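Before any comments, here is the structure.
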Amino acid sequence: FVDRIVLEEGVTSIGSHAFYHRQDNIIWDEAWLYHFVTLPESLTRVGDYAFAGCDVAEIFLPPRVEYIGSCAFSGSHEKIAVSNPACEIQDGGCTLNAPLICGHRGSTAQQYAEKYEKRFLDKLSNMK
């Protein structure tokens, strides 16, 4: 089974539903339990539902990411780090579905965490 997704440097956008997984209409298997996702520094945009239904423990969004679409990370995640303090995060409790959101103090990530009652950590170390 596939346990990792590695997007090469030069990729700037992940399209809507790119790694989307609907659990209600197919047999669940471990093929959708990605243990590692590596996103390139060149990435600027993550589309709606891009990783919906995927289980990834930790997601680190590089500093150039300017936009995170609706329910982009609505799978099961332990923590998501947003390193661009001004990143546009689409409204909705499922956009960053993790109990822990990491980012910069005063950032849009912190605003999102507070609005949806998620724990916020203003530290990005150990997330790459």
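The values are calculated or read from the model by the stated rules, or taken from the named source; none is laboratory data. Predicted model only: the values in this text are computed from it and were never measured. Only protein heavy atoms, including side chains, enter the accessible area calculation; ligands, DNA and RNA are left aside. Shrake-Rupley method; radii C 1.70, N 1.55, O 1.52, S 1.80 Å.
Summed over the stretch 69-87, the residues that are in a strand (DSSP E or B), small (Gly, Ala, Ser) and open to solvent by 30 Å² or more (accessible area, probe 1.4 Å) give a count of 1. On the stretch given as the stretch 40-68, residues that are assigned to a loop (DSSP other than H, G, I, E, B) and at pLDDT 95 or above total 12. Within the stretch 17-39, restricting attention to residues that are open to solvent by 50 Å² or more (accessible area, probe 1.4 Å) and aromatic (Phe, Trp, Tyr), the residue that is modelled with the highest pLDDT is Tyr20.
Could you tell me whether any residue of the stretch 96-108 is modelled with pLDDT of 95 or more, assigned to a helix (DSSP H, G or I) and not basic (Lys, Arg)? Within the stretch 96-108, one or more residues are modelled with pLDDT of 95 or more, assigned to a helix (DSSP H, G or I) and not basic (Lys, Arg).
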